[in-house]
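J.: Have a look at this one.
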Amino acid sequence: MILGFLFHFIYDWTNRSILIGAFVPVNESVWEHLKLGLWGVIIFSFIEYKFLGSAVSNYFLAKAIGVLVLSLTILLIYYTYSSFTDKSILAIDITSYIVGVLFCQILTYKIYQTAHSKILNLLALLFIVFTCIIFAIFTYYPPHEEIFKDARYNTYGIDKNRTDSAKK
């Protein structure tokens, strides 16, 4: 959870670095905020793997499902409440992130307790890698769909004008 909260500010702290932007939100779109959970889980997973990776047969499967559940929880809560309010409410957004992280960790733990095939675990690792690549690509080349839109500035992905002006 803490990593996700820190990630929200790192893009500005790094003077809007386009390289760092691949890993942290570059705008206030729903899509960009899913990076908070994705990269928080990924970094936590590197640390956790040293302690658990060889002890469980389905480490990557648990992490892949955890990331998916975290993202879906955030999306479900956001689109449910915003369909009634027509706006974003910061307290609910933060709560949805916390709930998503809790669901992710609980589900990951439950999956650790079950056995799965090595093929399924490998496919899950490929899913994680693919997801990370897609998130990075969509930072620089986002589809012009509502989930990618920063409503504050009416932009998508990294806004070159805002990035250039921040560096001056």
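J.: Residues that are touching a helix residue (DSSP H, G or I) at 6+ places or on another chain (Cβ under 6 Å) and free of Cβ contacts under 8 Å to residues at least 24 places away in the same chain: does the range 89-103 have at least one?
T.: yes
J.: Restricting attention to the range 105-115, report how many residues are surrounded by 15 or more Cβ atoms within 10 Å (Cβ to Cβ) and farther than 15 Å from ASN58 by Cβ.
T.: The total comes to 1.
J.: On the basis of being touching a residue at least 40 places away in the same chain (Cβ under 8 Å), outside any strand (DSSP E or B) and under 25 Å from ILE2 (Cβ atoms), does ILE147 make the cut? Steps first, answer last, please.
T.: Numbers: touching a residue at least 40 places away in the same chain (Cβ under 8 Å): yes; outside any strand (DSSP E or B): yes; under 25 Å from ILE2 (Cβ atoms): no.
Here the answer is no, as ILE147 does not meet what is asked.
J.: Of everything in the range 51-86, what is more than 16 Å from CYS104 (Cα to Cα), part of a helix (DSSP H, G or I) and either of a type in the set (Val, Ile, Thr) or at pLDDT 90 or above (or both)? Give them in sequence order.
T.: Filtering the range 51-86 for residues more than 16 Å from CYS104 (Cα to Cα) gives 51-57, 78-86.
Now narrow it down to the ones that are part of a helix (DSSP H, G or I): 51-52, 78-85.
Selection gives TYR78, TYR79, THR80, TYR81, SER82, SER83, PHE84, THR85.
The values are calculated or read from the model by the stated rules, or taken from the named source; none is laboratory data. Fair warning: this is a prediction, and the values are worked out from it, not measured in the lab. Every residue, glycine as well, gets a Cβ built from its backbone with ideal geometry; the counts of neighbours run over all protein chains shown.
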